[in-house]
């Protein structure tokens, strides 16, 4: 059986080797590896495409080990597993407990904020650009949580289309 994966790894020494170790440990074979260091995302991660061969159970164990090690699998056999969501908050963001806002978004299962950039304008209202990574199918849940937070904290929210 063959499996194609796209992992997201930190662009730091040893990460690729760490990702490759479970493949042989579970009896699978590495057919192809493409390490795209030129495509670093906002949080310093790069996509690594892998093609593996092995028995179904062996490949399943490799995928489980990747998840256990904290590697994000963004695509498996051409099926996207994670989606990127971008939103903007405008208002008195810091005054409205920034930590609480982030914690409430991150509290959703399968959702994590990967970047939070804020532009302050003295005592005036500020703008925050938030990049979120979520499991496929959770986009509307994320938008609902963001709308709930924005309403409670009197923030304007602009979601991607």
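A few points about this structure:
- Selection status of residue 158, modelled with pLDDT of 90 or more, in a strand (DSSP E or B) and loosely packed, with under 15 Cβ neighbours inside 10 Å: yes
- Where a residue in the stretch 84-98 is at negative phi and without any contact (Cβ under 8 Å) to a residue 60 or more places away in the chain and its partner, wherever it lies, is surrounded by 15 or more Cβ atoms within 10 Å (Cβ to Cβ) and in a loop (DSSP other than H, G, I, E, B), with Cβ under 6 Å and at least six apart: 96/153
- Exclusive hit being under 30 Å from residue 144 (Cβ atoms) and either in a strand (DSSP E or B) or modelled with pLDDT of 90 or more (or both), set 74, 23, 34: 74
- Of everything in the stretch 120-137 that is surrounded by 12 or more Cβ atoms within 10 Å (Cβ to Cβ) and without any contact (Cβ under 8 Å) to a residue 40 or more places away in the chain, the residue that is nearest to residue 73 (Cα to Cα) is 127.
The values are calculated or read from the model by the stated rules, or taken from the named source; none is laboratory data. Being a predicted model, the structure only gives us computed values, none of them experimental. Because the Cβ atoms are built from the backbone with ideal geometry, glycine has one as well, and the counts that use them run over all protein chains shown.
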